[in-house]
């Protein structure tokens with residue numbers, strides 16, 4: 001299998017971290033691919049027309065995307081219990097994954113607004129609206145952390161989201177007033193799967 | 001169950017269309033809720049901190065989001081085979097769902113850029129980049145349509161995406177040069193589940 005990847009993409013990190021947790025990295029070739037929301041992504045678009053990483057190229061030519069689909073597929077290739085529970089715990093895990101991914105969606109849009117878009121075309125109300133989503137998501141995470149399972153796809157997604165805020169938005173100081181999240185993240189990000197996939201620009 | 005919904009949201013439509021297909025509408029109270037990417041969504045944020053619809057409030061107080069999570073949850077409540085296949089067909093269905101959702105992500109961003117954002121702050125390169133994703137996704141859909149299963153979550157997602165283009169981007173004329181998609185959509189959108197959930201502004 002070949003994973004189209006970027007070391008700065010938190011969604012791609014989620015996939016690679018899951019592959020580490022499930023002991024699958026030896027079966028995956030990681031290929032770094034450039035993407036941008038305003039430009040062509042010639043290494044990616046022929047596989048994923050949305051021009052985004054991650055995308056997973058299977059040996060039979062099938063292409064899977066996006067990160068949620070790839071994570072669940074890879075999870076099923078590992079031995080023993082995986083990170084996508086069945087039964088009632090599934091909906092809690094998947095909703096926490098959606099929370100982490102949604103925080104990231106807002107963070108990426110904020111990053112594009114502040115860094116990619118020419119200064120004269122930036123719109124403060126858009127920036128503020130996305131930051132409000134990030135803040136509300138962080139507050140929800142703070143409330144959820146005490147009851148969060150030790151490891152599932154929701155925990156990985158939330159950790160990738162918090163790691164992205166450290167990487168791109170240190171000035172947001174997300175730990176302030178959120179001691180439970182700070183302590184949980186300190187422990188979770190020490191897992192080998194997270195340490196091996198720390199973001200790089 | 002209570003579904004936080006908007007008649008203009010294509011993601012909320014996906015959920016309600018699935019509920020129709022699975023015979024579940026009698027068990028769901030639909031509550032219209034206002035959201036905007038730049039403003040508060042006081043009816044939604046207490047349930048989904050991301051401030052987006054759809055969100056599903058279960059009778060025990062649990063809240064599920066986003067549309068993918070809700071669709072899969074509801075699918076499991078219906079009788080008989082559902083729209084989320086197990087086995088090899090699952091990854092094809094989920095990747096087509098991601099394709100439809102990804103087309104919608106680009107279309108929503110284009111809509112916000114063209115309608116919501118003040119004219120002086122619009123950025124042509126952003127608009128062009130999102131339209132390029134829409135176009136590439138449409139071309140992929142045209143290639144996939146001949147082999148698409150009659151009904152699964154991927155088909156519903158793609159139909160909701162094409163319906164949104166009709167609703168908000170008629171000038172895009174997505175049918176031009178895509179006869180297979182046009183014929184497929186004409187048939188699929190006549191399903192009672194799709195007709196009952198046609199977008200309204």
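The values are calculated or read from the model by the stated rules, or taken from the named source; none is laboratory data. Keep in mind the model is a prediction, meaning the values are calculated, not measured. Cβ sites come from the backbone with ideal geometry, for glycine too, and all protein chains shown count toward neighbours.
Observations on the structure shown:
- Only one of B:128, B:136, B:196, B:93 that is in contact (Cβ under 8 Å) with a residue 12 or more places away in the chain and under 30 Å from residue A:57 (Cα atoms): B:93
- Matching residues, the stretch A:74-102, being facing chain B (nearest Cβ under 10 Å), buried (at least 21 other Cβ atoms within 10 Å of the Cβ) and farther than 13 Å from residue A:156 by Cα: A:102
- Test: residue B:31 is assigned to a strand (DSSP E or B), more than 12 Å from chain A (Cβ to nearest Cβ) and surrounded by 14 or more Cβ atoms within 10 Å (Cβ to Cβ): yes
- The lone exception for residue B:109 - which of (1) facing chain A (nearest Cβ under 10 Å); (2) without any contact (Cβ under 8 Å) to a residue 12 or more places away in the chain it fails: (2)
Quick grid of which residues meet (1) within 11 Å of chain A (Cβ to nearest Cβ); (2) within 29 Å of residue A:70 (Cα to Cα); (3) out of contact with any helix residue (DSSP H, G or I) (no Cβ under 8 Å at 6 or more places or on another chain):
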position	(1), (2), (3)
B:10	no, yes, no
B:21	no, yes, no
B:39	yes, no, no
B:51	yes, yes, no
B:61	no, no, yes
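- The number of residues in the stretch A:75-120 that are modelled with pLDDT under 95 and in a helix (DSSP H, G or I) comes to 0.
- Of all the numbered requirements in (1) under 22 Å from residue B:120 (Cβ atoms); (2) surrounded by fewer than 20 Cβ atoms within 10 Å (Cβ to Cβ); (3) at the interface with another protein chain (Cβ under 8 Å from one of its Cβ atoms); (4) within 22 Å of the chain's Cα centre (by Cα), residue A:118 misses one, and that requirement is (4).
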